[in-house]
Amino acid sequence: MKRLEVQAFGVTFRNPILLASGTWSPRLNELYPLSMLGGLVTKTITVEPREGNPPPRIWETEHGVLNSIGLENPGIDRFIDKVLPELEQLNPIIIVSIAGSKPEEFYTLVERLNPTNVTAYEINVSCPNVTRGGIELGKDTTSLLDIARNLRELSHKPLIYKLSIVHDIDQIVPLLTPYADGFTLINSVPAMAIDLQTRRPQLGNVTGGLSGPSIKPIALYAVHKAKKLTHLPIIGCGGVSKLEDVLEFITVGASLVQVGSANFNHPLIGKELVEGLMENLI
């Protein structure tokens, strides 16, 4: 329906609902056609394959989920050869999340992906679960600015920077705006949980990223704040589990909205959000 179409990053999205990075599974397409969504963001891809962090890597909290996956992924070669063709058959708009432990890895990823049919890149400089790159890279504004300048020259596709609430949004959003096409706010929030019986962390990596309903107010705040600092489109992400959440993000300035951890306990959430928008806005 054209009433639901969103123009952002020079791309026309069928509607504002995207699946967040790391939450798509081939089994979802057995439940509903992914082409009915606005699009999806792939699991973060790195140059070399990554095994991720030691288990346990998931821990449910009272109001969300802690994860410490550690960017486990097959690497860029296998992604292009195996994963991407499978995704393309499902006909969604594909945004590829990319990360690197040093600047050259970001450049390699973009150069490898430029010839493909993916729509845009989500630049992950905010993962709380890796020791190199991730949040610490996002805090190093000098390195981040160099990366952004070089990616602007290299990229044939829109560049969307995914930020964390621990970043200085007042500084980093204006800094990146001349070299970006948009922003995703926010990544999961650094957090931890303790087993009182053993007095040890519940996660094998000690700390992880908190997602789910508990971080939605934080994400809304971040989107609201960033919207005052940039003219670029913003993707809201964090704690979306119902239609009202989507409408709240749009109200504070998000052009698109990602649904993440809700996919794990309610795989039909993407479909239901699109249907809810159709019923309420048409």
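Here are some notes:
- Enumeration of residues in the range 243-271 that are touching a residue at least 12 places away in the same chain (Cβ under 8 Å) and either farther than 24 Å from TYR161 by Cα or among the aromatic types (Phe, Trp, Tyr) (or both): LEU243, PHE249, PHE264, HIS266, PRO267, LEU268, ILE269, LYS271
- All of (1) modelled with pLDDT of 95 or more; (2) in a helix (DSSP H, G or I); (3) of a type outside the set (Gly, Ala, Ser) hold for LYS162 with one exception: (2).
Yes/no per residue for (1) in contact with a helix residue (DSSP H, G or I) (Cβ under 8 Å, 6 or more places away or on another chain); (2) outside any strand (DSSP E or B); (3) free of Cβ contacts under 8 Å to residues at least 12 places away in the same chain; (4) buried (at least 21 other Cβ atoms within 10 Å of the Cβ):
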site	(1), (2), (3), (4)
ASP170	yes, yes, no, no
THR198	no, yes, yes, no
VAL206	no, yes, no, no
LEU210	no, no, no, yes
LEU229	yes, yes, no, no
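- Put simply, of ILE215, ILE194, ILE234 the only residue that is more than 23 Å from VAL257 (Cβ to Cβ) and either crowded, with 19+ Cβ neighbours inside 10 Å or hydrophobic (A, V, I, L, M, F, W, C) (or both) is ILE194.
- Enumeration of residues in the range 237-269 that are part of a helix (DSSP H, G or I) and over 24 Å from LYS227 (Cβ atoms): ASN263, PHE264, ASN265, ILE269
- Test set (1) touching a Leu at 6+ places or on another chain (Cβ under 9 Å); (2) under 29 Å from ALA262 (Cβ atoms) - ILE147 fails condition number: (2)
The values are calculated or read from the model by the stated rules, or taken from the named source; none is laboratory data. As the structure is a prediction and not an experimental result, all values here were calculated from the model. For neighbour counting, all protein chains shown are included, and Cβ atoms are generated from backbone atoms with ideal geometry for every residue, glycine included.
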